[in-house]
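Reading through the structure tokens given below for one structure.
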Amino acid sequence: MAESMKGLKRTCRCAEVTEEMIGSTVTLMGWTQKRRNLGSLIFVDLRDRSGLMQILFDETAVGSANFEKAGTIRSEYVLAVTGVVQKRGGAVNEKLRTGTMELLATNLRILSESDTPPFPIEEDSQTREEVRLKNRTLDLRRPDIQRNLMVKSRVAQLSRDFMAAEGFLEIETPMLGKSTPEGARDYLVPSRIYPGSFFALPQSPQLYKQLLMAAGYDRYFQLARCFRDEDLRADRQPEFTQMDMELSFVDVEDVLDVNERLLQHLWKEVLGVDVQIPFRRMKWIDAMNRYGSDKPDLRFGMELVDVSEIVKDSGFGVFANCVKEGGSVRGINVKGQADMPRKKIDALTDFVKGYGMKGLAYIQVKEDGTKCSFQKFVTEEEIQALTEAMGAEKGDLLLFGADRFKLVCETMGALRCELARRLDLIDPDRFEFLWVVEFPQFEWSEEEQRFQAMHHPFTMPMEEDLQYLAPDQDLSKIRAKAYDIVLNGTEIGGGSVRIHQADIQEKMFECLGFTKEQAQEQFSFLLNAFRYGVPPHAGLAYGLDRVVMLMLGLDSIRDVIAFPKVKDSSDLMTEAPGEVDAKQLEELGIEISQKSGESTES
């Protein structure tokens, strides 16, 4: 039967006991990790968020009633134990902070009993993720998950302190706002007061933080909850925390400087790692050409090489026709892999086909000559020109892809990363930061058959490209004053200098296909504020969860979020989303329509 805490106070957490406390009486409280009954002695490993402490129950010290009670303890029972700290009589556990000590119990209270858990509470659990997420409260007791969340808390606090010291004000922005176009899908919230109207949960505080700059707050910072109704992956969730900032009277250099110092500070304080600043910078077009990605992983080589000029007149139609049609041919030199079996090369071919590319061509540079998958279509001179362009040496494997610029770059970039993983070329303890700058202002949408803003409609173009900001100009020539911060092949944050001149903002809307009336209808609150004097301003936002995930070398963002969603955006623990009763729907003026062919029950 569970007992109360009446009259008891916890002295410290389990792993906060030190050798200086030997001989002292303390009270510890926590969960039972393990119990070992040796007859005359009972050992219990007591666990809380700080770690473990070994408890020794000896009938002489604790009394027969408490000793009998200790014999009933099972895994995950919640205990309060008072006792004397002493040196361990048995083997020392060097893996534990408290591994040289134990608590000789003098009193025991069982605060709560527990059923047998559906899986062991242990680090690096091999239990299926669905089972763990269904029982997330238990999963959150695992020491590795607790450490992750404690690091995340520390990163948040350090960031707040740093930004405050830099003159930033922490200001909250609304959760219920207006749905706006040009972004991911919104989560909508129906209004009871205005039937048929909806709030939208924020995808980011973008417009509000710009309004704060217009209002004169100069430097804003917030740990903001954001929501995006988009497909999930390992580093994405429908709701997440954004580390958000905006600064007035600044340009690109000012934003990059404060953020480099912030990241340097976090890595030093949390990991003890000295990050060198300034970070490397790379233009978007160079990143795409060299790495096939706007978030390149710089921890290994294998850069892409453009061989289009060499093969444009070759007899190999796949290459020549691709170049003729405006496409590109890119190669990767996989050092020392000339003897890769055909079966593995075929597997790589299947990999690129998954990205939409038709296949791979290859050259194996062996000791006794070259073996080329398209040899009968090209001359020896052309093969030699290709191997020279690729910087090939004996023992190298050259892989080539041909397609439209964006597709071949992205596919060969993904192949580069896949090869690095398969060949174990990535140092997991290395942190390579990179600023990717000068993004395209617009990107073409096949679905919409029009240009869309690559970032958002409020991003300032490069001054020298403003001449092209008109619907009758080639919008693909315009570069944005935008910047992403990339770490080890993952974008952890992004931002831009914002448009603060009304005439440029008007042209931007025009290029995106907005009429003046549409722009006013969607963004009147911003445009009206901008009529009364707006400072030049710029900002940036990090995905806090993503930053912590990479800091800790984790593979999934779910391991740094207390209550994450799964791939279909559902919560396995609470079974959200769920149905609501008819009365709630009626109050909101909402009727659920059935899809064609569904029964009433479904």
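The values are calculated or read from the model by the stated rules, or taken from the named source; none is laboratory data. What you are looking at is a predicted structure, and each value in this text was computed from that prediction instead of being measured. So basically every Cβ, Gly included, is an ideal-geometry build from the backbone, and we count neighbours across all protein chains shown. Note: accessible area is taken over every heavy atom of the protein model, side chains too, but ligands, DNA and RNA are not part of it. Shrake-Rupley method; radii C 1.70, N 1.55, O 1.52, S 1.80 Å.
From the list Ala470, Ala453, which residue is out of contact with any strand residue (DSSP E or B) (no Cβ under 7 Å at 6 or more places or on another chain) and open to solvent by less than 80 Å² (accessible area, probe 1.4 Å)?
One residue alone meets the criteria, Ala470.
For Gly493, work out the one condition from (1) free of Cβ contacts under 8 Å to residues at least 60 places away in the same chain; (2) open to solvent by less than 50 Å² (accessible area, probe 1.4 Å) it doesn't fulfil.
Exception for Gly493: condition (1).
Looking for whichever is surrounded by fewer than 16 Cβ atoms within 10 Å (Cβ to Cβ) and either part of a helix (DSSP H, G or I) or at pLDDT 95 or above (or both) here; the options are Arg192, Arg154, Arg160, Arg185. Which one fits?
On the way: Arg192 fails: either part of a helix (DSSP H, G or I) or at pLDDT 95 or above (or both); Arg160 fails: surrounded by fewer than 16 Cβ atoms within 10 Å (Cβ to Cβ); Arg185 fails: either part of a helix (DSSP H, G or I) or at pLDDT 95 or above (or both).
So the residue among Arg192, Arg154, Arg160, Arg185 that is surrounded by fewer than 16 Cβ atoms within 10 Å (Cβ to Cβ) and either part of a helix (DSSP H, G or I) or at pLDDT 95 or above (or both) is Arg154.
Do the conditions hold for Trp435, that is, is it more than 25 Å from Lys516 (Cβ to Cβ), outside any helix (DSSP H, G or I) and touching a residue at least 12 places away in the same chain (Cβ under 8 Å)?
Answer is yes for this residue.
Among (1) open to solvent by 10 Å² or more (accessible area, probe 1.4 Å); (2) over 23 Å from Asp244 (Cα atoms); (3) out of contact with any Ser or Thr (no Cβ under 8 Å at 6 or more places or on another chain), there is one condition Ala519 misses while meeting the rest; what is its number?
That leaves (1) as the condition not met.
If you go through the stretch 380-401 one residue at a time, do you hit one that is crowded, with 18+ Cβ neighbours inside 10 Å and under 22 Å from the mean Cα position of the chain (by Cα)?
Scanning the stretch 380-401, I find no residue that is crowded, with 18+ Cβ neighbours inside 10 Å and under 22 Å from the mean Cα position of the chain (by Cα), so the answer is no.
Is there any pair linking a residue in the stretch 440-458 that is free of Cβ contacts under 8 Å to residues at least 12 places away in the same chain to one that is of a type in the set (A, V, I, L, M), with Cβ under 7 Å and at least six apart or on different chains, and which?
Cβ pairs passing all conditions: Glu443/Met454.
Let's see how each residue does on (1) outside any loop (DSSP other than H, G, I, E, B); (2) surrounded by 15 or more Cβ atoms within 10 Å (Cβ to Cβ):
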residue	(1), (2)
Leu207	yes, yes
Tyr217	no, yes
Tyr220	yes, yes
Leu247	yes, yes
Glu253	yes, no
Leu256	yes, yes
Gln264	yes, yes
Ile277	no, no
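For Gln146, which of the numbered conditions (1) open to solvent by less than 50 Å² (accessible area, probe 1.4 Å); (2) outside any loop (DSSP other than H, G, I, E, B); (3) touching a helix residue (DSSP H, G or I) at 6+ places or on another chain (Cβ under 7 Å) fails to hold?
(3)
If you take the residues of the stretch 287-322 that are free of Cβ contacts under 8 Å to residues at least 60 places away in the same chain and in contact with a Ser or Thr (Cβ under 7 Å, 6 or more places away or on another chain), which of them is surrounded by the most Cβ atoms within 10 Å (Cβ to Cβ)?
Taking the candidates together, the pick is Ala320.
Which condition from (1) at pLDDT 95 or above; (2) in a helix (DSSP H, G or I); (3) under 19 Å from Lys209 (Cα atoms) is the one that Tyr483 breaks?
Tyr483 satisfies every listed condition except (2).
Against the condition in contact (Cβ under 8 Å) with a residue 12 or more places away in the chain, open to solvent by less than 20 Å² (accessible area, probe 1.4 Å), closer than 30 Å to Asp427 by Cβ and touching a Gly at 6+ places or on another chain (Cβ under 7 Å), how does Leu540 come out, does it pass?
yes
Looking at the stretch 111-133, can you tell me whether even one residue there is of a type outside the set (Asp, Glu), open to solvent by 50 Å² or more (accessible area, probe 1.4 Å), in contact with a Leu (Cβ under 9 Å, 6 or more places away or on another chain) and in contact (Cβ under 8 Å) with a residue 40 or more places away in the chain? Break it down into steps so the answer makes sense when it comes.
Step one: of the stretch 111-133, the residues of a type outside the set (Asp, Glu) are 111-112, 114, 116-121, 125-128, 131-133.
Next, only the ones that are open to solvent by 50 Å² or more (accessible area, probe 1.4 Å) stay: 116, 118, 120, 126, 128.
Imposing the further condition that a residue be in contact with a Leu (Cβ under 9 Å, 6 or more places away or on another chain) reduces the set to 118.
Those still in the list that are in contact (Cβ under 8 Å) with a residue 40 or more places away in the chain too: none.
Within the stretch 111-133 (the criterion being of a type outside the set (Asp, Glu), open to solvent by 50 Å² or more (accessible area, probe 1.4 Å), in contact with a Leu (Cβ under 9 Å, 6 or more places away or on another chain) and in contact (Cβ under 8 Å) with a residue 40 or more places away in the chain), the answer is no, since none of the residues qualifies.
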